[in-house]
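Below you'll find the structure, written out as C-alpha cells, and then a few comments.
The values are calculated or read from the model by the stated rules, or taken from the named source; none is laboratory data. Bear in mind the structure is a predicted one, so any value in this text is a computation, not a measurement. All Cβ positions, glycine included, derive from the backbone under ideal geometry; neighbour counts span all protein chains shown.
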Amino acid sequence: MKDQLKQALIAGDAGTVNALTEALLAQDVPAREILDEALLPGMEVVGERMRSGECFIPEVLLSARTMQGALDLLRPHMLEGESTSAGTVVIGTVEGDLHDIGKNLVAMLLQGAGFTVVNLGTGVTAAQFLAAVQQHKPQILGMSALLTTTLPHMGETIAALKEAGLRDSLRVMVGGAPVTQAWADELGADGYGANAGMAVERAKRLVG
C-alpha cells in the first residue's frame with residue numbers, strides 16, 4: 001500500500017493519497033514510517049523529474065499540494081517530540097519585488113522534502129528578514145528576486161545579518177531569474193538553485 005501511496009503522490013492524485021494515508025494510519029502504521037517510506041520518496045521522484053525536464057511546474061505544484069494534505073493528516077499522529085522537520089527555512093522575495101510564483105514553488109517543495117518553512121511573502125525588507133531569523137532561528141534563509149533592480153537588497157540583508165552577528169549561524173540561499181552562481185558567489189551566499197528542484201537539493205545538502 002505504501003508503494004501505491006508513493007505512486008499516487010507522484011501523480012498528484014489527492015483523493016487517493018488522502019484515502020491511502022488514512023487507511024495506513026487505521027492499520028496502525030506509524031506516521032513517521034508513512035512519511036519516510038512513501039511520501040518523502042515520492043516527492044524525491046517529483047523533484048528528480050522536474051530537474052531532468054520530465055515534468056513541469058503545474059504537475060510539481062499538484063504533487064506538492066497533495067503532499068501538504070497528507071502531512072496535515074499525519075501531523076496529529078506524530079509522536080511527541082518526533083519532529084517531521086529536516087530543518088527550518090525562512091524564505092521571501094526581496095524588497096521592491098512582488099514576484100512569488102517561483103519562490104512559492106520552492107517553499108512547497110521544501111515542505112514536501114520535510115522542512116519547516118516560514119514564507120514571508122513578497123517585498124521583504126532586510127529588517128524583516130533579520131527579525132524573522134531572530135524569531136524562528138532557521139538553518140537556512142532563502143531570498144528570491146525576479147527584477148535585476150532588486151538584487152542589491154540581497155546584499156543588504158546579508159550585511160544586516162553580519163551586523164547582528166547572525167550570519168555564521170545559518171546558511172543563505174538565493175535564487176530567481178536574474179540570479180547566477182557568480183552573483184551568489186559575489187554576495188557570499190552559501191547556495192544557489194537555477195530552478196526549484198535544484199534549490200531543494202542544495203538546501204538538503206546544506207543541512208546534511
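Given the conditions (1) of a type in the set (K, R); (2) modelled with pLDDT of 95 or more; (3) exposed (fewer than 14 other Cβ atoms within 10 Å of the Cβ), report the number of the one that R167 does not fulfil.
Single failed check for R167: (3).
Considering only the stretch 1-70, give the helices (runs of 4 or more DSSP H) lying wholly within it that have at least 3 residues that are out of contact with any helix residue (DSSP H, G or I) (no Cβ under 7 Å at 6 or more places or on another chain).
2-11, 14-26, 40-51
Name the residues in the stretch 171-188 that are surrounded by 20 or more Cβ atoms within 10 Å (Cβ to Cβ), assigned to a loop (DSSP other than H, G, I, E, B) and without any contact (Cβ under 8 Å) to a residue 40 or more places away in the chain, would you?
Scanning the stretch 171-188 gives a single hit, V179.
Are any of the residues in the stretch 80-93 in a helix (DSSP H, G or I), in contact with a strand residue (DSSP E or B) (Cβ under 6 Å, 6 or more places away or on another chain) and under 30 Å from K162 (Cβ atoms)? Steps first, answer last, please.
Taking the stretch 80-93 first, the residues in a helix (DSSP H, G or I) are none.
Checked the stretch 80-93: no residue is in a helix (DSSP H, G or I), in contact with a strand residue (DSSP E or B) (Cβ under 6 Å, 6 or more places away or on another chain) and under 30 Å from K162 (Cβ atoms).
So in the stretch 189-204, with the set limited to residues that are of a type in the set (A, V, I, L, M) and crowded, with 17+ Cβ neighbours inside 10 Å, which one is modelled with the highest pLDDT?
Looking at residues that are of a type in the set (A, V, I, L, M) and crowded, with 17+ Cβ neighbours inside 10 Å, I get A189.
For the stretch 2-16, check the following and say yes or no: at least one residue is surrounded by 17 or more Cβ atoms within 10 Å (Cβ to Cβ) and of a type in the set (S, T, Y).
no
Can you give me the number of residues within the stretch 120-138 that are buried (at least 19 other Cβ atoms within 10 Å of the Cβ) and outside any helix (DSSP H, G or I)?
Selection size over the stretch 120-138: 3.
Within the stretch 103-117, is there a residue that is assigned by TED's automatic domain parsing to the domain that holds M173, more than 21 Å from G47 (Cα to Cα) and not in a helix (DSSP H, G or I)?
Looking for residues that are assigned by TED's automatic domain parsing to the domain that holds M173, more than 21 Å from G47 (Cα to Cα) and not in a helix (DSSP H, G or I), one finds none in the stretch 103-117, hence no.
Just to be sure, is G47 closer than 30 Å to T150 by Cβ, touching a strand residue (DSSP E or B) at 6+ places or on another chain (Cβ under 9 Å), small (G, A, S) and buried (at least 16 other Cβ atoms within 10 Å of the Cβ)?
no
For a quick check of your reading of the model, give me the residue pairs whose first member lies in the stretch 156-167 and is aliphatic (A, V, I, L, M), whose second is outside any helix (DSSP H, G or I), with beta-carbon atoms closer than 7 Å and at least 6 apart or on different chains.
Matching pairs, first to second residue: I158/V172; I158/G188.
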